[in-house]
Structures are given as structure tokens and as C-alpha cells.
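Notes follow once the structure below has been shown.
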Amino acid sequence: MDYRVRISPRSRKVRLTLSARDGLTVVIPRGFNARRIPAIVEARKGWIEKHLQRFSEEARFVAESPPDVLPETIDLPALGEIWQVAYRSTGAQRAVEVETFGPGELVVSGAVSDHFACRSVLKRWLRRRASEGFAPLLSRLAEEHGFRYDRVTIRGQKTRWGSCSVRKTISLNFLLLFLPSDVVRYVLLHELCHTVFMNHSDKFWLLLDGFEPDSKAMRRRMRGGWKDLPAWLS
């Protein structure tokens with residue numbers, strides 16, 4: 001397995017970092033015996049391959065996506081909603097805006113020939129819709145299962161569906177809107193379990209499996225969820 005090594009004077013232990021651009025980087029403290037690195041990489045081989053596969057799927061999604069397309073419908077399985085999208089040109093100088101007209105109808109107006117601007121306002125609308133839908137669901141799941149978290153934020157992460165900070169702030173990806181509701185529930189429970197265990201130890205998985213008996217299948221569906229994203233999001 002290819003990797004590069006970076007010496008960090010501030011590090012006190014070995015760290016493995018992964019990115020779509022740089023691949024695997026092994027960060028070692030100054031004076032660390034580099035002959036130990038291959039064994040460390042081999043021990044984390046499963047974790048490394050899983051994340052590299054995710055990067056590969058995301059790259060394929062971007063490569064296969066049409067470069068300039070706007071949606072006529074937006075299907076949000078997570079919330080059980082389908083929205084029809086209409087585009088109304090109101091002048092090249094007008095800023096692009098999106099409004100809700102009745103249940104299930106969006107109207108994008110302004111300089112709609114600017115497809116980049118149209119996609120941007122639709123993504124902002126998706127963030128708002130994700131906040132409206134996921135925040136109450138996370139609160140209900142936390143109350144139902146006895147979890148406590150500080151707050152929830154909606155972001156547009158490139159490589160993960162959600163995260164939990166040491167301060168128990170849970171960040172959710174608005175792209176979860178395009179996943180089935182049961183998979184979204186699993187992701188939210190996953191992050192809530194991180195408020196107890198900030199790692200993926202056996203204790204973490206045991207806790208999560210108690211809430212989702214079919215968690216292995218859910219993890220596979222979650223990892224494959226990037227393939228379900230519509231092309232216009234790229």
C-alpha cells in the first residue's frame with residue numbers, strides 16, 4: 001500500500017491521515033523508528049481501504065456527472081418529499097432566489113441562465129430543509145435513548161455524513177436528505193453514540209448495535225450512499 005511519511009516535531013504518537021488528494025500519510029514523532037511503519041499500516045489496512053474506496057466512489061460520481069444540469073424535481077427520501085422545481089427568468093441583473101409555492105413546489109427566479117447560481121441557491125435551500133427535518137429527529141432520538149448533545153449544525157462535508165466534536169456538537173451533512181430515512185436514522189444514532197465514545201472501539205460498536213441490530217448492513221448502505229446523490233449536485 002502506497003503512503004508517504006511526515007515527521008512532526010509536535011506529535012507524540014503515530015497518526016494516519018487520509019485525503020482524496022494525497023492518499024495515505026503516516027505522521028510520526030521525531031525520532032520514531034520508521035521500520036515499525038509497515039506493521040502499523042498493515043494493522044489498519046481494513047480502515048484505510050474502506051476510506052480509499054469512499055474517495056474513489058466520490059471521484060467517480062463527480063467524473064460521471066453532467067457539468068451543467070439543473071433539476072426539474074428534487075426527491076428527498078430522508079423526509080419522504082418530492083419537490084417540483086420551476087425556473088422563471090426575471091432579468092439578467094436580478095439575483096437568483098428560491099421560494100416555496102405551495103406544498104412540494106419550488107420556484108427559482110432571477111438570472112436563471114446562470115446555472116451555477118441556481119445550483120447554489122438550491123443547495124442553500126437544501127441546508128435549510130435539512131435543518132428543519134434533522135434537528136427535531138436528532139432531538140427525539142436523543143431523548144428516546146438517553147443521549148445528551150450540545151447542539152446540531154448542518155454542513156456540506158465532502159467525505160462524511162456526520163461528525164461529533166469533543167464538545168458534543170453534532171454536524172450533519174445536508175446531503176443526507178437524499179438517503180433513505182432508515183439509513184439517516186442510523187447515521188444520527190451513530191453520531192449520538194459518539195457523545196459517549198469518541199472513537200470506534202468495540203464499546204462504541206456494542207452501544208450502536210444495541211439500537212440498530214442490523215448495523216453492519218446499515219453501514220454498507222451508508223457507505224454506498226454517495227452513489228445515490230443526484231448529478232446536479234456536483
Scanning the stretch 164-223 for residues that are of a type outside the set (A, V, I, L, M, F, W, C) and under 15 Å from Pro77 (Cβ atoms), which turns out most open to solvent (accessible area, probe 1.4 Å)?
-> Arg221
Residue tally, condition assigned to a helix (DSSP H, G or I), over 30 Å from Cys118 (Cα atoms) and not basic (Lys, Arg), over the stretch 189-234 = 17
Scan the stretch 160-181 and report the pairs whose first residue is in contact (Cβ under 8 Å) with a residue 60 or more places away in the chain and whose second residue is in a strand (DSSP E or B), with Cβ atoms within less than 8 Å and a gap of 6+ or a chain change.
-> Trp161/Leu172; Trp161/Asn173; Leu176/Gly162; Leu177/Leu76; Phe178/Asp75; Phe178/Leu76
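The values are calculated or read from the model by the stated rules, or taken from the named source; none is laboratory data. All of these numbers come straight from a predicted model, not from anything done at the bench. Counting neighbours? That spans all protein chains shown, and the Cβs are built from the backbone with ideal geometry, glycine included. When the accessible area is computed, the model is the full protein with side chains, heavy atoms only, and any ligands, DNA or RNA have been set aside. Shrake-Rupley method; radii C 1.70, N 1.55, O 1.52, S 1.80 Å.
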